[in-house]
Amino acid sequence: MEKNKVLEQLKENKQQRLIDILNKVDEETRNKIIEQLSEINLKEIERLYENIKEVEDVDVGELKPVKSVNPDRISKEELDEYERLGANVIKNNKFAVVIMAGGEGTRLGFNGPKGTYRVDVEPKPKYLFEIMADSILRANKKYGVTIPWYIMTSSKNNDQIVNFMEEHNYFGYPKEYVGFFEQGELPLITEDGQLILDEDYKIRKAADGNGSVFKSMYERGVIEELKEKGIEWVYIGQIDNILLKMVDTLLLGVAIKEGSEIATRSMLKEFPRERMGTLCLKNGKVKVIEYSEIPEDMIEAKNEDGEMLFGESNVTCNLFSLKAIEEISQRDLPYHKAHKAYGYMDENCKMVEAKDPNAYKFEYFIFDAYEFFNQISVLRGKREEDFAPIKNKEGVQSPETAIKLYNNYWRKHRDERV
Ligand code: UTP
């Protein structure tokens, strides 16, 4: 793109700061910026800016509790049927897993991709990627198959992750069954809608959230690849839950039996105001909302079994049919914005440090995809069996709490180790 055309477009998009910078830098730098701009959809920037000004929808209109299958409250026959249906899918090589590992892991504060973080579990320390590999390998052995395993990375951590897996020989996972794909990015935008340059004249961008997984699978050819392999179901999980069981036959069975394209494992909240996304029915559709969006008079309400009416919470354990993934990949998910402090280059090409939030980062969330489907199956999981997340450096959901849960679980299930 030539300079004048770029300036014209920037003017249309009210990117005054960038125009000032372009007018001040030498030709080489100018070309470097222009080259990056040609890859940016300025219309999208406008949509992002519009989003900043929008007030998030807090309409609670038709809020109802979600129905879930609780394995402790169904008959042995039903459980066996779910298991059988799920196991059939695995045994017939129709199942694949995706681990989302593109996050920045800021709260953990570890210098590197979260998957390369090592936890001091019994009987020997393990990396998070190693724990995931073990979990799928166990299922491979049980069902006599090799499940295709994909890892979603970001442009920031892709090379590190690929090299790490290579160095560790894929933790014993057959290399030809492991695939990597990079997720997308969205530019950061200041409160007045300006793009941000860093000290190297690079437009600052950030990974576009875990909901990027659908579009990224499409754009990187993963959906096509899975189709060619005859895959029908894909479990999409997060890297930081060290009790995650992606080869979830029960969840598969429930989805198939109920005729759903999506199924999710939930956990019961420990107390009504626990900071976890709440699964509920909003205007008849499954949705994840903040506990603070539940009306005060409903938040403590209980059902006839004495359980919290709005206790079912989201822990990002999701199963999708490949058909559903393809459909979602062609639709636009809403943006979620986070107000943060980002250093930026001012109109005189000087770097300015930001102490207070001055700009927005945008993300897509995986659960927003529920919106496109009339029915989603929910299966109740157990914290002590399924949920040991590592989010924070200390306190709740930290390595310390997760290791405890992991060790307790594996002391009880010693015979299932690989
Ligand atoms: P979180 O939302 O907990 O974010 O990710 P995070 O990046 O790991 O940690 P913080 O918030 O910066 O502290 C949930 C899951 O989604 C993945 C993460 O890698 C994790 O498995 N994720 C998140 C992505 O793959 N891409 C993203 O852009 C964001």
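The values are calculated or read from the model by the stated rules, or taken from the named source; none is laboratory data. Values in this document were obtained by computation on a predicted structure and should not be read as measured data. So basically every Cβ, Gly included, is an ideal-geometry build from the backbone, and we count neighbours across all protein chains shown. We work out accessible area using only protein heavy atoms, side chains counted, and drop any ligands, DNA or RNA first. Shrake-Rupley method; radii C 1.70, N 1.55, O 1.52, S 1.80 Å.
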Looking at (1) assigned to a helix (DSSP H, G or I); (2) in contact (Cβ under 8 Å) with a residue 12 or more places away in the chain; (3) open to solvent by 40 Å² or more (accessible area, probe 1.4 Å), which one does Asn88 not meet, given that it meets all the others?
(2)
Return a yes/no flag: does region 166-178 have any residue that is open to solvent by 20 Å² or more (accessible area, probe 1.4 Å), outside any loop (DSSP other than H, G, I, E, B) and of a type in the set (Gly, Ala, Ser).
yes
Mind checking which residues of region 179-194 are without any contact (Cβ under 8 Å) to a residue 40 or more places away in the chain and out of contact with any strand residue (DSSP E or B) (no Cβ under 7 Å at 6 or more places or on another chain)?
Gly184, Asp192
Give me the residue from region 109-122 that is closer than 18 Å to Glu400 by Cβ, open to solvent by 10 Å² or more (accessible area, probe 1.4 Å) and part of a loop (DSSP other than H, G, I, E, B) and, out of that set, farthest from the ligand (Cβ to nearest atom).
Glu122
May I ask you to list the residues in region 399-418 that are surrounded by 11 or more Cβ atoms within 10 Å (Cβ to Cβ), farther than 14 Å from Lys245 by Cβ and in contact (Cβ under 8 Å) with a residue 40 or more places away in the chain?
Pro399, Ala402, Ile403, Asn407
A careful count of residues in region 144-170 that are more than 14 Å from the ligand (Cβ to nearest atom) and closer than 19 Å to Ile223 by Cβ gives 3
Hits in region 238-265 - residues which are more than 16 Å from the ligand (Cβ to nearest atom) and hydroxyl-bearing (Ser, Thr, Tyr)
Thr249, Ser260
Take region 58-102 and flag every residue that is of a type in the set (Val, Ile, Thr), under 22 Å from Ile136 (Cα atoms) and out of contact with any strand residue (DSSP E or B) (no Cβ under 6 Å at 6 or more places or on another chain).
Ile90
Could you name every one of the strands (runs of 3 or more DSSP E) located completely within region 283-373 that has at least 2 residues being under 30 Å from Ile33 (Cβ atoms) and open to solvent by less than 60 Å² (accessible area, probe 1.4 Å)?
336-340, 359-363
Applying the selection to region 17-34, what residues are more than 17 Å from Ile196 (Cβ to Cβ) and either surrounded by fewer than 17 Cβ atoms within 10 Å (Cβ to Cβ) or among the hydrophobic types (A, V, I, L, M, F, W, C) (or both)?
Asn23, Asp26, Glu27, Glu28, Asn31
Condition set over 20 Å from Ala263 (Cβ atoms) and under 19 Å from the mean Cα position of the chain (by Cα), scope region 374-398, selection most open to solvent (accessible area, probe 1.4 Å): answer is Gln397
Just checking, which of Glu77, Glu130 is over 18 Å from Gln238 (Cβ atoms), open to solvent by 20 Å² or more (accessible area, probe 1.4 Å) and in a helix (DSSP H, G or I)?
Glu77
Mind listing just one residue for me: the one in region 91-108 that is among the β-branched types (Val, Ile, Thr) and surrounded by 14 or more Cβ atoms within 10 Å (Cβ to Cβ) and, of those, farthest from Glu228 (Cα to Cα)?
Ile99
Across region 185-220, which residue is nearest to the chain's Cα centre (by Cα) among those that are within 16 Å of the ligand (Cβ to nearest atom) and assigned to a loop (DSSP other than H, G, I, E, B)?
Gly209
